[in-house]
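For reference, the structure discussed in these notes is given below.
The values are calculated or read from the model by the stated rules, or taken from the named source; none is laboratory data. The model shown is predicted, which means the values in this text are computed figures rather than measured ones. Please note: Cβ atoms are built from the backbone with ideal geometry, for glycine as well, and neighbour counts cover all protein chains shown. Side chains included, ligands, DNA and RNA excluded: accessible areas come from the protein's heavy atoms. Shrake-Rupley method; radii C 1.70, N 1.55, O 1.52, S 1.80 Å.
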There are 2 protein chains.
Amino acid sequence: MAKVPADYIIYGDYVVTVNTAMDVISNGAVAVKDNIIIAVGDATTLFKKYPEAKVLGGKGQLVMPGLVNTHNHAPMVYLRGIADDLPLKEWLEEHIWPKEGKWVGSEFVSDATKLACLEMLQGGTTTFADMYFYCDAMARSVKSVGLRAVLGETGFDFPTAAVKSLAEYFQRAEEFIQLWQDEALIKPSIAPHSPYACCPETLKKVQHIAHKYNAPIHIHVAETEWEVQEIKSKYGKRPVEHLDAIGFLNEHVIAAHCVWLDPHEIEILAKRKVGVAHCIESNLKLASGIAPIPAMLREGVKVGLGTDGAASNNDLNMFSEIATAAKVHKLFAKDLTALDAKTAVLMATKRGAEVLGYNNLGFLAPGALADIITLDLERAHLLPLYNVYSHLVYAANAADVVNVMVNGEILLHNGEVISCDVAEILAKAHEWNRKII
Amino acid sequence: MAKVPADYIIYGDYVVTVNTAMDVISNGAVAVKDNIIIAVGDATTLFKKYPEAKVLGGKGQLVMPGLVNTHNHAPMVYLRGIADDLPLKEWLEEHIWPKEGKWVGSEFVSDATKLACLEMLQGGTTTFADMYFYCDAMARSVKSVGLRAVLGETGFDFPTAAVKSLAEYFQRAEEFIQLWQDEALIKPSIAPHSPYACCPETLKKVQHIAHKYNAPIHIHVAETEWEVQEIKSKYGKRPVEHLDAIGFLNEHVIAAHCVWLDPHEIEILAKRKVGVAHCIESNLKLASGIAPIPAMLREGVKVGLGTDGAASNNDLNMFSEIATAAKVHKLFAKDLTALDAKTAVLMATKRGAEVLGYNNLGFLAPGALADIITLDLERAHLLPLYNVYSHLVYAANAADVVNVMVNGEILLHNGEVISCDVAEILAKAHEWNRKII
């Protein structure tokens with residue numbers, strides 16, 4: 001059999017594989033051919049085996065899978081910090097919705113998505129799941145920067161910034177799926193807002209479209225205590241029970257938040273193999289509540305991490321989400337072992353990818369997609385190093401990411417963004433800033 | 001009157017003064033002469049007034065007071081991540097204490113403190129309060145890097161890694177104060193570990209020494225629920241009540257943690273003008289509990305922020321502490337206004353300085369000490385910008401700090417550390433890493 005030459009070797013002091021055995025390889029490397037990982041192992045061995053490969057990473061670096069952000073509203077970066085520290089109703093009704101109503105359109109979404117992708121890319125996020133308006137514009141921007149994304153047009157029972165009717169919504173959502181279903185880096189989905197903003201009939205129509213195209217469904221579930229009361233008073237059931245009763249829940253559903261669950265609902269999520277996007281910083285900042293993550297993990301629910309939109313967070317920094325999740329759940333569980341560092345890294349990578357329906361993403365092993373990042377460890381806040389998981393969770397920052405590869409393409413190279421025009425994206429953000437203010 | 005020429009003008013798009021009116025000056029500047037701020041105002045005006053001054057900062061930057069870390073054990077950076085996610089007793093008794101017993105000495109403290117100072121400096125912390133062993137070695141290292149610090153030798157009723165007896169401890173603690181009391185950047189203090197590790201007699205002796213030299217007292221108070229029970233069973237009172245009953249509490253006391261307080265104890269802290277060092281990330285990660293910060297603020301208690309040591313946190317990142325504090329207290333109080341961004345910035349600067357006994361530090365106004373940092377705002381995660389406080393709390397990172405001045409001296413210049421040898425400090429950390437592992 002002829003030897004397959006590698007295009008790239010990415011190496012470092014440590015390769016955190018997130019494979020089934022959670023192997024960490026000292027002086028390790030990953031070989032990539034086209035968009036696929038073809039080998040993972042000792043660096044010296046791989047350099048000998050693939051002498052012609054181009055080289056990424058280096059001594060003093062750590063190699064790991066790119067991070068997976070399971071819940072975002074990327075274009076909302078343009079409303080970052082426009083209103084904070086206000087009661088939720090005032091924040092939404094007097095600030096966010098009026099601004100969205102006035103400004104959101106295809107151009108806003110296109111420009112804002114590029115800024116969001118730049119921020120994610122610089123912080124090591126290689127895949128994200130998003131629900132917003134004007135998904136076609138969003139997809140074009142994501143493609144231009146080179147990230148991987150699961151994108152779904154958001155739908156409500158009522159008119160929105162993007163559509164005049166539910167009929168128009170379904171048409172737009174379906175067209176988006178048709179248009180982008182064959183694109184390598186974009187996985188089109190469909191995104192009904194929530195069980196309180198979408199009636200069972202709407203949800204069934206959504207499910208029909210999702211089934212037709214084998215597309216994921218991305219939805220907010222049980223984010224606030226208010227929602228639980230609302231759904232109970234409308235349908236006599238709690239949100240997850242209600243969704244299950246109408247046959248909505250299965251392994252194609254990405255349920256964001258899942259803060260207010262009772263034990264029976266956790267069982268349902270596990271049984272139906274629903275993926276959960278845990279957004280700890282948004283839940284804290286909006287005082288929504290604390291999702292019962294340790295209980296979900298014990299019951300075998302698939303849980304990934306997400307930033308939520310930057311208007312509520314206020315950044316798209318997955319390293320910060322990892323750290324906050326690992327710390328906050330220890331306190332809430334009164335148990336220092338409640339969410340350990342290794343589990344937090346797993347949730348931010350492989351488990352997150354599974355939540356989004358990928359089974360060949362978020363880990364470094366032959367056959368997996370080549371979404372790989374490296375961190376520079378030669379920094380004051382990362383020395384000494386006794387345990388790589390501990391550092392990734394409790395000490396590393398987004399700014400430590402120095403190389404990013406998505407699908408075999410280099411997007412960030414030795415700290416320099418090479419896949420898009422940074423100055424142009426920042427200039428556009430300033431332009432919109434002046435308009436929106 | 002002859003015009004006083006300025007040595008430096010530090011300017012930017014925004015000057016966040018943290019003065020009494022919390023003024024934010026657009027296109028502002030700060031003029032510095034020797035180690036003192038002599039003017040704050042419009043940049044164009046100050047450039048005209050001081051044409052000969054050297055210039056720091058720039059367009060697209062934000063100027064603010066250096067951050068004040070009110071509770072640290074700096075040398076513990078060398079044990080960063082050596083053990084995590086373990087029950088507290090196992091963590092201390094099987095990992096931290098044996099490692100400290102084996103390794104902690106004057107050389108360890110000297111080398112480790114330099115690494116800690118480098119990390120703090122790069123993240124915008126200009127002043128910190130510390131309690132550890134071998135304070136003389138610590139002070140020399142702090143001086144060599146150029147930060148401002150309140151340092152106190154830690155004492156217990158029992159022998160430690162540093163001393164064989166309480167008598168030896170008092171001698172060493174007092175000598176340290178005598179030796180360093182006239183040093184510009186070092187404020188010597190004395191640091192009895194806690195009410196459970198120091199009996200009333202020890203605390204009275206500490207108080208006597210502190211009074212003799214007008215030195216602050218730095219102590220852990222009410223960090224865990226266990227401590228409350230322990231003090232109650234020994235003295236029949238809760239920790240703060242106990243300390244007040246023995247006449248220990250006054251405005252010279254820096255009380256770290258203060259997690260487990262009842263309303264009466266909050267009143268005592270306010271009445272006695274005790275400074276509180278709130279260490280949210282350590283309290284979360286060690287599952288210690290949530291300090292009642294909104295209640296303390298309502299009662300007028302002075303509260304600053306602190307990182308605690310890097311073995312329990314695992315970094316010395318004040319921007320991360322600010323963000324976590326502002327988010328977590330919203331959730332716990334079920335109130336989005338519980339700890340707003342402006343208050344969080346105040347706690348990390350001026351209020352923290354007050355906790356440490358400085359009344360001319362932590363804000364930008366004529367007569368204040370020239371501890372000033374600038375952040376680069378031209379970054380994807382900081383655009384657009386509608387509110388500077390929101391960005392400082394919810395979006396900025398340690399890595400956004402690009403200039404640091406302490407006491408009129410530049411330590412970090414356009415992202416480059418110029419006050420110490422970074423490569424040497426990192427190399428030492430690697431050396432100790434190999435030994436300790």
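Each label was represented as a point 7 Å from its Cα along the Cα-to-Cβ direction; for B:Gln181 and B:Ala295 these points are 3.9 nm apart.
Looking down the axis that turns chain B into chain A, the chain B residue with its beta carbon nearest that axis, and the gap rounded to whole angstrom, comes out as B:Ala399, 2. Calculated accessible area for the protein assembly as shown comes out at 34 Å² per residue, all protein chains present (probe 1.4 Å; ligands, DNA, RNA ignored).
Do the alpha carbons of any pairs in A:Lys143/A:Lys302; B:Lys204/B:Lys435; A:Lys102/A:Lys237; A:Lys302/A:Lys327 sit beyond 30 Å of each other, and which pairs? As for pairs spanning more than 30 Å Cα to Cα, those are B:Lys204/B:Lys435; A:Lys102/A:Lys237. Within the protein assembly as shown, DSSP assigns beta bridges of which about 45% are antiparallel (rounded to the nearest 5). Shortest first, A:Lys435 label-point distances to identical copies amount to 6.0 nm, with the label point at 7 Å from Cα along Cα→Cβ. On the basis of the beta-carbon distance and an R0 of 35 Å, B:Leu88 and A:Asp23 show a calculated FRET efficiency of 0.70. Relative to the dominant Cα principal axis of chain A, helix A:225-235 is inclined by about 50°. When both bridge partners sit in chain B, DSSP labels roughly 45% of those beta bridges antiparallel.
The alpha-carbon of B:Lys49 sits under 28 angstrom from the alpha-carbons of these lysines, leaving out residues fewer than 8 places away in its chain: B:Lys3, B:Lys33, B:Lys59, B:Lys350.
The stretch between B:Asp42 and B:Trp97 holds 14.5 nm of extra length on full extension. This uses 0.36 nm per residue minus the Cα-Cα distance.
Local charge sum around B:Leu382 (other residues, Cβ-Cβ under 15 Å, Lys/Arg +1, Asp/Glu -1)? Within the 15 Å Cβ shell, the charges total -3. Counting only protein heavy atoms, probe 1.4 Å: which residues of the stretch A:263-304 lose 40 Å² or more of accessible surface in the full assembly compared with their chain by itself? Residues meeting the cut-off: A:Leu284, A:Lys285, A:Ala287.
With 50 Å² as the minimum drop in accessible area between chain alone and full protein complex (1.4 Å probe), the qualifying residues in the stretch B:407-437 are B:Leu426, B:His430, B:Asn433.
Please give the total accessible area that chains B and A bury against each other, computed with a 1.4 Å probe and expressed in Å² to the nearest 100. Summing both sides, the interface buries roughly 4900 Å². Taking the 0 to 90 degree range and rounding to the nearest ten, how far is the long axis of helix B:166-180 tilted relative to the main principal axis of chain B, both from C-alpha atoms? Orientation of helix B:166-180: about 20 degrees from the principal axis. Residues of the stretch A:354-388 whose accessible area (probe 1.4 Å, heavy atoms of protein chains only) drops by at least 30 Å² once all protein chains are present, relative to their chain alone: A:Glu378, A:Ala380, A:His381, A:Leu383, A:Pro384, A:Tyr386. Between B:His242, B:His208, B:His413, the GNM of chain B built on Cα springs shorter than 10 angstrom shows B:His208 fluctuating the most.
Using Cβ point charges alone (K and R +1, D and E -1), the dipole size of the protein assembly as shown about the Cα centre works out to roughly 140 debye. Label-point spacing at B:Gln171 relative to the other copies reads 9.1 nm, in ascending order, each point sitting 7 Å out from Cα along Cα→Cβ. Between A:Ile209 and A:Ile437, the simple spin-label model (points 7 angstrom out along Cα→Cβ) gives 3.8 nm. Largest first, the residues A:Trp180, B:Trp97 sort by 1.4 Å accessible area into B:Trp97, A:Trp180. By a 1.4 Å probe calculation restricted to protein chains, A:Trp432 has an accessible surface near 10 Å², given to the nearest 10. Whole Å is fine, so just give me how far the alpha carbon centre of the stretch B:311-353 lies from that of the stretch A:155-212. Using only Cα atoms to place each centre, the spacing works out to 39 Å. Taking the Cα centre of the stretch B:67-355 as reference, the dipole from Cβ charges on Lys and Arg (+1) and Asp and Glu (-1) amounts to some 640 debye.
Aspartates and glutamates near B:Lys234 by alpha-carbon distance under 20 Å, same-chain residues fewer than 8 away left out - which ones? Leaving aside aspartates and glutamates fewer than 8 places away in the same chain, those within reach of B:Lys234 are B:Asp157, B:Glu201, B:Glu223, B:Glu225, B:Asp244, B:Asp262, B:Glu265. If you take all other residues with their beta carbon under 13 Å from the beta carbon of B:Gln61, and give Lys and Arg +1 and Asp and Glu -1, the sum is -2. On a 0 to 90° scale, report how tilted helix B:200-213 is relative to the longest principal axis of chain B, with both axes built from alpha carbons and the result rounded to the nearest 10. Rounded to the nearest ten degrees, it is 30. Sorted from shortest to longest, the distances between the A:Ser233 label points of this copy and the other copies are 4.9 nm, with each point 7 Å from Cα along the line through the beta carbon. For B:Lys33, the residues whose modelled amide H falls within less than 5 Å of its own, excluding neighbours fewer than 5 places apart on the same chain, are B:Asp7, B:Ile38.
Here the stretch B:197-251 is treated with +1 on each Lys and Arg Cβ and -1 on each Asp and Glu Cβ, and its dipole about the Cα centre works out to around 260 debye.
Summing charges over all other residues whose Cβ lies under 9 Å from the Cβ of B:Thr126, with Lys and Arg as +1 and Asp and Glu as -1, gives 0. The fraction of accessible area contributed by carbon and sulfur in the stretch B:22-156 is 54 percent, rounded to a whole number (1.4 Å probe; ligands and nucleic acids excluded). The spacing between the stretch A:55-98 and the stretch A:239-256, judged by their C-alpha centroids, is 25 Å. Listed values for the stretch B:364-376 are Karplus-derived 3J(HN,Hα) couplings in whole Hz (6.51 cos²θ - 1.76 cosθ + 1.60, θ = phi - 60°), namely 10, 7, x, x, 7, 5, 8, 10, 9, 10, 10, 10, 7, and x replaces Gly and Pro.
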